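The values are calculated or read from the model by the stated rules, or taken from the named source; none is laboratory data. What you see is a predicted model; the values in this text were computed from it and never measured. Methodologically, a virtual Cβ is constructed for each residue, glycine included, from the backbone with ideal geometry; neighbour enumeration extends over all protein chains shown.
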Amino acid sequence: MPLRLYYDGKQASDTLTASMGSLKARMLDAMRQTATAMARDIHERAKADIAAAGAFGSAWQNAVTVNITEGGANIKLAVTISAIENVPNTLGAFNIFEYGGVIVGKPMLWIPIPGGEAEQGQRAADLGINLIRVTSKTTGNTVLLDPESDRAVYFGESSVTIPQKFHLREIIADVGAHFQDYYTQAYSSGKPG
């Protein structure tokens, strides 16, 4: 003889199924709100971090995006770096500022002299003038001179050490470490996203 449980005039399994469906929808909505809040915070903190690192304008700040996707019973946040105009190998540039490191010339890195004819990031070959390479016998410093103005346009270095300037990994890890706080707030609010 089967045992059937009734609650409030309805078979309990129907009530339980309906109640679980409502709970599942609320949890899914809380997860979506959590993902949205985490994505927003990662993006805002990354932009502020890049701005605080020095001469990195809005193109650098806006190159960081956080995308939310759903599929296969998962909600995924993906932090991506978009290409920046006039920054060859943008991802490589982000990596050097994220991790720090040494850039080695082949054989020299030619760095524009501040206030000179060349702009930051402008290659000597693209300047449109013939330059002369001069190495000082006393200091060993190497420069590229404009023979017409007799002014140094670039100075040469065999390598440059770049310190860590961006902290995207730390930001992502910190936001991720507070997942439970984000979820608890979203679930407690009970508001649809």
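From the list Lys165, Lys137, the lone residue that is assigned to a loop (DSSP other than H, G, I, E, B), loosely packed, with under 10 Cβ neighbours inside 10 Å and either of a type in the set (D, E, K, R) or not assigned by TED's automatic domain parsing to the domain that holds Val64 (or both) is Lys137.
Yes/no matrix, rows are residues, columns are (1) modelled with pLDDT under 85; (2) closer than 21 Å to Asp41 by Cα; (3) in the same structural domain as Leu168 (by TED's automatic domain parsing):
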site	(1), (2), (3)
Gly71	no, no, yes
Leu77	no, yes, yes
Ser82	no, yes, yes
Gly92	no, no, no
Ile96	no, no, no
Met108	no, no, no
Ile111	no, no, no
Pro114	yes, no, no
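Determine whether the range 121-128 contains at least one residue that is under 30 Å from Ile42 (Cα atoms) and free of Cβ contacts under 8 Å to residues at least 40 places away in the same chain. Among the residues of the range 121-128, at least one is under 30 Å from Ile42 (Cα atoms) and free of Cβ contacts under 8 Å to residues at least 40 places away in the same chain, which makes the answer yes. Residues in the range 85-119 that are among the aromatic types (Phe, Trp, Tyr) and over 20 Å from Gln61 (Cβ atoms): Trp110 only.
Inspect all residues belonging to the range 43-57 and state whether any of them is touching a strand residue (DSSP E or B) at 6+ places or on another chain (Cβ under 6 Å), surrounded by fewer than 14 Cβ atoms within 10 Å (Cβ to Cβ) and of a type outside the set (Val, Ile, Thr). Within the range 43-57, none of the residues are touching a strand residue (DSSP E or B) at 6+ places or on another chain (Cβ under 6 Å), surrounded by fewer than 14 Cβ atoms within 10 Å (Cβ to Cβ) and of a type outside the set (Val, Ile, Thr). Is one or more of the residues making up the range 47-61 in contact with a helix residue (DSSP H, G or I) (Cβ under 7 Å, 6 or more places away or on another chain) and of a type in the set (D, E, K, R)? Within the range 47-61 (the criterion being in contact with a helix residue (DSSP H, G or I) (Cβ under 7 Å, 6 or more places away or on another chain) and of a type in the set (D, E, K, R)), the answer is yes, since at least one residue qualifies. When Glu117 is tested against (1) under 30 Å from Asp146 (Cα atoms); (2) touching a His at 6+ places or on another chain (Cβ under 9 Å), exactly one condition is not met: (2).
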